[in-house]
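Structure, as structure tokens:
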Amino acid sequence: MPLRAGRKQTACSDQGLLPDSTASPQPTRNQPMYPLEDGSFAPRNQWYVAAWSQEIKRSPLERVILDNPVVLYRTTDGKVAALAAFCPHRGFPLAKGDVIADDIECPYHGLRFGPDGACTLIPSQDVIPAACRLRAYPVAERWQWVWIWVGDPDLADEALIPDHFEARLTDPAYRNAGGNYFEVPGRYVLLHDNLLDLNHVPYLHKATFGGDGGGAVQIPEVVAKETTISCTFTQPAIDCPPFLSALFGYSGPVSRTYVSYFYAPCLHVIVDSISRLDPATGVTEQLGDLLHIHAVTPATATTAHYFQGEGQNFSHTEPCLSEAFRSSEMVRAALEEDVSATRFIEQSIAMNRGRLSEILLKADKAAVLGRRMLQALIDAEAPATR
Ligand code: FES
Ligand SMILES: [Fe+2]
């Protein structure tokens, strides 16, 4: 008989679920799903992932970040330029143009703009009006990501980007592979809800990771700080799930702990630690960690960008195990399941005219704290920056 962690009862209300220290607006039935209050849907004075580094080439790419259409390209020295995406002359989308040296050329009448947004050429006249320029967005490359700041540029401090070493993304003990990307037809908060409640894994991902093998169904231990949340799930004695057996080359009893770290408002890193277990003695021997890496960026109020990668700190062989896992059909299909769930719920919200009833379970604690954290970040911003 398979080994399996026991279940606990859950409650059907949020009373008593959350510590007083986290008190702030309570989600109640038939209220707009926050953070959507006061006309804002996401904190703007924050760094967000705009793209994988490998996506940004000399040819321009357009992407909407928090309602800002942005065109991204690389200059001759390899730096990333991020500019407002529409030509100030007639609004032509610049991503359809060419990059010439360090400038982007609008294909309609040939105006050119440098990576700082300044107009460098108007073919039909010598004088360049002062207003003829594009907004240039601060960007920073970290690990395999291009981070962007669409808020007040004077506040764009790169020290505010989550510490990538602490998050294990640049820790040399780990070999990490990014590259999965999805345009999500649902609000970014729904993806955070998803990633902050891994109880969905054995159900939503039954067809991909397998029912019992996909993860624990339990109320995790949750620790919230000002802008971070960690959730710890433990499976002290289970049969090694088949997809993990394939990665570790081991099948038999294991002890599994996975800790999901949320760095508001964008990054999630799940550290999935597997140990070989001797059920007779309870002695464990670590097989290794998997990293499940996720970044969520609001595109519009009801759409999002989803970036995903995988990592490992064992078997540093060629070909890279993380890259094979990240690009596998199974992971791709599982991510599609998350994207579909987000789309379905967004459709439910639309059918309910934005006022969706929700029943909170004990297992929703981290997701609720995550929403409160996002709302607090929005509330802390001056209205002028929204
Ligand atoms: S619209 Fe871009 S040059 Fe005219
Ligand atoms: Fe999922």
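Of the numbered conditions (1) under 30 Å from Gly354 (Cα atoms); (2) touching a helix residue (DSSP H, G or I) at 6+ places or on another chain (Cβ under 9 Å); (3) β-branched (Val, Ile, Thr), Thr300 fails exactly one; give the number of that condition.
Condition (2) is where Thr300 drops out.
If you go through segment 291-345 one residue at a time, how many are β-branched (Val, Ile, Thr), over 17 Å from Trp143 (Cβ atoms) and not in a loop (DSSP other than H, G, I, E, B)?
6
Tyr181: open to solvent by 40 Å² or more (accessible area, probe 1.4 Å), part of a helix (DSSP H, G or I) and away from ligand 1 (no atom under 16 Å from the Cβ), yes or no?
In short, no.
Can you go through Ala280, Ala334, Ala324, Ala366 and tell me which one is in the same structural domain as His192 (by TED's automatic domain parsing) and closer than 27 Å to Gln46 by Cβ?
The match here is Ala366.
Results for (1) over 29 Å from Ile65 (Cβ atoms); (2) within 16 Å of ligand 2 (Cβ to nearest atom), shown as yes or no for each residue.
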residue	(1), (2)
Tyr188	no, yes
His192	no, yes
Ile219	yes, no
Phe243	yes, yes
Cys266	no, no
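State whether one or more residues within segment 102-120 are of a type in the set (S, T, N, Q), more than 16 Å from ligand 2 (Cβ to nearest atom), open to solvent by less than 60 Å² (accessible area, probe 1.4 Å) and over 13 Å from Val71 (Cβ atoms).
Scanning segment 102-120, I find no residue that is of a type in the set (S, T, N, Q), more than 16 Å from ligand 2 (Cβ to nearest atom), open to solvent by less than 60 Å² (accessible area, probe 1.4 Å) and over 13 Å from Val71 (Cβ atoms), so the answer is no.
List every residue pair whose Cβ atoms sit under 7 Å apart, with the two residues 6 or more apart in sequence or on different chains, where the first one lies in segment 244-269 and is closer than 19 Å to Leu321 by Cα and the second, anywhere, is among the aliphatic types (A, V, I, L, M) and open to solvent by 30 Å² or more (accessible area, probe 1.4 Å).
Final answer for the pair search is Leu247/Leu321; Phe248/Leu287; Tyr250/Leu287.
Of all residues in segment 139-169, which are without any contact (Cβ under 8 Å) to a residue 40 or more places away in the chain and in contact with an Asp or Glu (Cβ under 9 Å, 6 or more places away or on another chain)?
Arg142, His164, Phe165
As an exercise: evaluate His192 against (1) part of a helix (DSSP H, G or I); (2) open to solvent by less than 40 Å² (accessible area, probe 1.4 Å); (3) at pLDDT below 95 and give the number of the one condition it does not meet.
All conditions are met except number (3).
Say whether the condition of being open to solvent by less than 10 Å² (accessible area, probe 1.4 Å) and in contact with a His (Cβ under 8 Å, 6 or more places away or on another chain) is met by at least one residue in segment 313-328.
For segment 313-328, residues open to solvent by less than 10 Å² (accessible area, probe 1.4 Å) and in contact with a His (Cβ under 8 Å, 6 or more places away or on another chain): absent.
Quick one: what pairs do we get from segment 335-356, first residue free of Cβ contacts under 8 Å to residues at least 40 places away in the same chain and away from ligand 2 (no atom under 13 Å from the Cβ), second open to solvent by 50 Å² or more (accessible area, probe 1.4 Å) and not aromatic (Phe, Trp, Tyr), C-beta under 7 Å, 6+ apart or different chains?
Listed pairs, sorted by first residue: none to list.
Would segment 157-180 turn up any residue that is touching a strand residue (DSSP E or B) at 6+ places or on another chain (Cβ under 9 Å) and within 16 Å of ligand 2 (Cβ to nearest atom)?
Within segment 157-180, one or more residues are touching a strand residue (DSSP E or B) at 6+ places or on another chain (Cβ under 9 Å) and within 16 Å of ligand 2 (Cβ to nearest atom).
Could you count how many residues in segment 270-296 are farther than 23 Å from Val189 by Cα and in contact (Cβ under 8 Å) with a residue 24 or more places away in the chain?
10
Out of the residues in segment 77-123 that are closer than 27 Å to Gln144 by Cα and among the charged types (D, E, K, R), state the one that is nearest to ligand 1 (Cβ to nearest atom).
Lys96
What number of residues within segment 362-386 are of a type in the set (Asp, Glu) and surrounded by fewer than 21 Cβ atoms within 10 Å (Cβ to Cβ)?
2
Pairs needed: first member in segment 75-96, over 14 Å from His109 (Cβ atoms); second member anywhere, within 16 Å of ligand 2 (Cβ to nearest atom) and in a strand (DSSP E or B); C-beta distance under 7 Å; at least 6 residues apart or different chains.
none
What residue, among those in segment 69-98 that are open to solvent by less than 30 Å² (accessible area, probe 1.4 Å) and β-branched (Val, Ile, Thr), is farthest from Tyr137 (Cα to Cα)?
The extreme case among them is Thr75.
For segment 340-361, what are the residues that are at pLDDT 90 or above and either open to solvent by less than 10 Å² (accessible area, probe 1.4 Å) or among the charged types (D, E, K, R) (or both)?
Answer for segment 340-361, where residues must be at pLDDT 90 or above and either open to solvent by less than 10 Å² (accessible area, probe 1.4 Å) or among the charged types (D, E, K, R) (or both): Thr342, Arg343, Glu346.
The values are calculated or read from the model by the stated rules, or taken from the named source; none is laboratory data. Because the structure is predicted, anything quoted here is derived from the model rather than measured. Reconstructed Cβ throughout: ideal geometry from the backbone, glycine too, with neighbour counts over all protein chains shown. All accessible areas refer to the heavy atoms of the entire protein, side chains included, with ligands and DNA or RNA removed. Shrake-Rupley method; radii C 1.70, N 1.55, O 1.52, S 1.80 Å.
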